[in-house]
1. In segment B:19-51, what residues are at the interface with chain A (Cβ under 7 Å from one of its Cβ atoms) and not in a helix (DSSP H, G or I)?
2. Any residue in segment A:136-148 that is acidic (Asp, Glu), over 25 Å from A:Glu62 (Cβ atoms), in contact with a Leu (Cβ under 6 Å, 6 or more places away or on another chain) and surrounded by fewer than 24 Cβ atoms within 10 Å (Cβ to Cβ)?
3. Please state which one of A:Arg169, A:Arg153 is of a type in the set (D, E, K, R) and under 19 Å from A:Val57 (Cβ atoms).
4. Looking at this structure, is B:Ser263 at negative phi, within 14 Å of chain A (Cβ to nearest Cβ) and not in a strand (DSSP E or B)?
5. Quick check on my filter: what residues within segment A:46-84 are more than 24 Å from A:Arg153 (Cβ to Cβ) and surrounded by fewer than 19 Cβ atoms within 10 Å (Cβ to Cβ)?
6. Kindly establish whether A:Pro305 is more than 16 Å from A:Lys250 (Cβ to Cβ) and outside any strand (DSSP E or B).
7. Of all the residues that make up segment B:323-341, how many are assigned to a strand (DSSP E or B) and on the phi > 0 side of the Ramachandran plot?
8. Kindly state which strands (runs of 3 or more DSSP E) lie completely within segment A:128-189 and contain at least 3 residues that are over 20 Å from A:Gly284 (Cα atoms) and within 14 Å of chain B (Cβ to nearest Cβ).
2 protein chains.
Amino acid sequence: MSSGNPFLNTERRPHVDGLFDAHEVALSNRNPGIPLEALRHDVSPIGLHYLLTHFDVPYVPEDDWQVEIAGRVRTAQALSIADIKALPARTLTVTLECAGNGRANMRPRYPSVPWAYEAVGTAAWTGTPLRHVLNGAGLFDDAVEISFIGADRGYDRGQEHAYGRSLKRRDALSEDVLLAWAMNGQPLPPQHGFPLRLIVPGWYGMASVKWLKRIEALATPYDGFQQVSSYMYRTAPDAPSTPVTHMRVKSLLIPPGLGDFYSRHRMVEGGPIPLFGRAWSGAGVGITRVELGIDGAWQEARLGPEQGKFAWRAWSSTWNAERGEHVLSCRATDASGDTQPLTARWDVGGFGNNAAQQVHVHVR
Amino acid sequence: MSSGNPFLNTERRPHVDGLFDAHEVALSNRNPGIPLEALRHDVSPIGLHYLLTHFDVPYVPEDDWQVEIAGRVRTAQALSIADIKALPARTLTVTLECAGNGRANMRPRYPSVPWAYEAVGTAAWTGTPLRHVLNGAGLFDDAVEISFIGADRGYDRGQEHAYGRSLKRRDALSEDVLLAWAMNGQPLPPQHGFPLRLIVPGWYGMASVKWLKRIEALATPYDGFQQVSSYMYRTAPDAPSTPVTHMRVKSLLIPPGLGDFYSRHRMVEGGPIPLFGRAWSGAGVGITRVELGIDGAWQEARLGPEQGKFAWRAWSSTWNAERGEHVLSCRATDASGDTQPLTARWDVGGFGNNAAQQVHVHVR
């Protein structure tokens, strides 16, 4: 085996300059973000919601999928999609964001998907609350966590594994955690987890396991790679780590005017320019304020109606554009009092960057 | 205005190394390719088909779209989507590939979307043959070209324009050129041209104008930016240019085994490995042969059934994998006798690269 064998590599060296390698470009193309103009849609149309596929999208042509319910339950069982659809259903409108969103704006930059701002989307997910399945199987009192294993399998930093994550017992029994089989009123598309996935509202997307094959009640905490070795905040490579969980408060604006194809820089005519964007938070307490920044000066934006506890909220404002070069920005505050920072909190793995967006605009 | 103003830049300098700039990464993320494992699907599910959005995806919430039929016709008119749906409809299964697919594998590399292999997809498009609309309006005899203008507008190399392309009269009157309103049996998604787009089977994707607003019959050739200044083959910056038209013969294989998250390199267990892929050509004459390459030795692959004149064809083969590092490849031949080259024909703009794919696999 060659020393450069990626299947043996356990570490990736951070990039310190502003250039990207071919692996990052390929990951960026495989894992699309939402085009920012699509923030206009309350619910992101299929094909515009961001995607992060850790390994390969499983090919599932047949309708014989089963999900195992195993571990610390009275009645281990294998449920078909029909079994799950027979349980009480809910539809929740949920904003999901990748925990690595904003990674490309950190220096140095961890080598992974180089998201700038676009790893976010909102969908209407239909499914049954997970607790119906757990209650049906009979959770033992000693079950402290529930693990969720997908059909997707591969290598990451030298370790072969199926994608898996866990939730603490109390979180898993929430009415809001869904076993979802539909997205925007349609069967799940292959890339969003067909035929069954988990949806964990309020959390970064890594918790919402796709292509769900196995649910296991555990008497000890789950120690899968994606739970304990990835998705951890670290302020330095050897610093103690904290699990990545809920989405930090964040907002985005749709770049106004016309864009340049290559640079995506924006051009507008001087005068009053309507601006529109979205704000969200994983705290589940609502967005209370969005401010529009113009060259560092902040003005209050108008908030649109709420779309429920877990979905982004529209905001709008007007900018009186004057000739020259300008930087637009926005920052949201949620009901817990958290506000977006103006600069990124650096993180080893590039997680949780909720710094205010910057959009460069040329006014003529 | 600063000298770096992208709205005044008329040239972009080619990249000569293997690294990519932040604009290329952003374009790669905005313009997703098909994940190669999705080649399994005869028709690409919505959200897995490649996308190239030159400017912004127009936001079209209302149902009052009209397309103008203008220029050298007896009866200029504005048609609603209902008017167009009242005309005879056809559904065609069509493979579309971006003319810039493979650009990332050229040295030097033109700064644009850095596609490796993934800018391709196949969909079932439903619409009316364009000729019904042209005949209804009454083309004058002096109409030599028909131009198609989309609602998407922006800048490219210093020029503001709406995205537009043209077809010669004879091509435009083909029964196979569609004004399409549905993709895979659903209304067009916003990113694929809702509510109306052109589909030009056999051609690279740039011909299939999205968000179609205006169809104009012209007595002289169309000279829009995307027709005469972009999408031209050039062997050197000052060499004569040739228009990019039909797709060159090409094939792809699904990388076998398990992948490494970051490098996307593949790992398989030794033994017989089934391989599967797709082949297509814009010549409209069918694929007659696909060969599987293993470390430079070629073996005949089996062809699957045809899916019509304009869609990719499945192929499969078996590889007896032996321990070590290997390079898999594939090359297709069409009925006109064209075969894929083993190395890229270099092009200034990075167009038309149909060189055989290479997939690195580690066998343990």
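The values are calculated or read from the model by the stated rules, or taken from the named source; none is laboratory data. Quantities reported herein were computed from a predicted structural model and do not represent experimental measurements. Here Cβ is always computed from backbone atoms with ideal geometry, including for glycine, and neighbour counts include all displayed protein chains.
1. B:Leu19, B:Phe20, B:Asp21, B:Pro32, B:Gly33, B:Pro35, B:Pro45, B:Ile46, B:Gly47, B:Leu48
2. Yes, the conditions are met somewhere in segment A:136-148.
3. Answer to the check: A:Arg153.
4. Judged against the criteria, B:Ser263 is a match.
5. Passing the criteria: A:Arg74, A:Thr75, A:Ala82, A:Asp83.
6. Spelling it out, A:Pro305 is indeed more than 16 Å from A:Lys250 (Cβ to Cβ) and outside any strand (DSSP E or B).
7. Residues meeting the conditions: 1.
8. The strands (runs of 3 or more DSSP E) meeting that bar are A:145-156, A:159-168.
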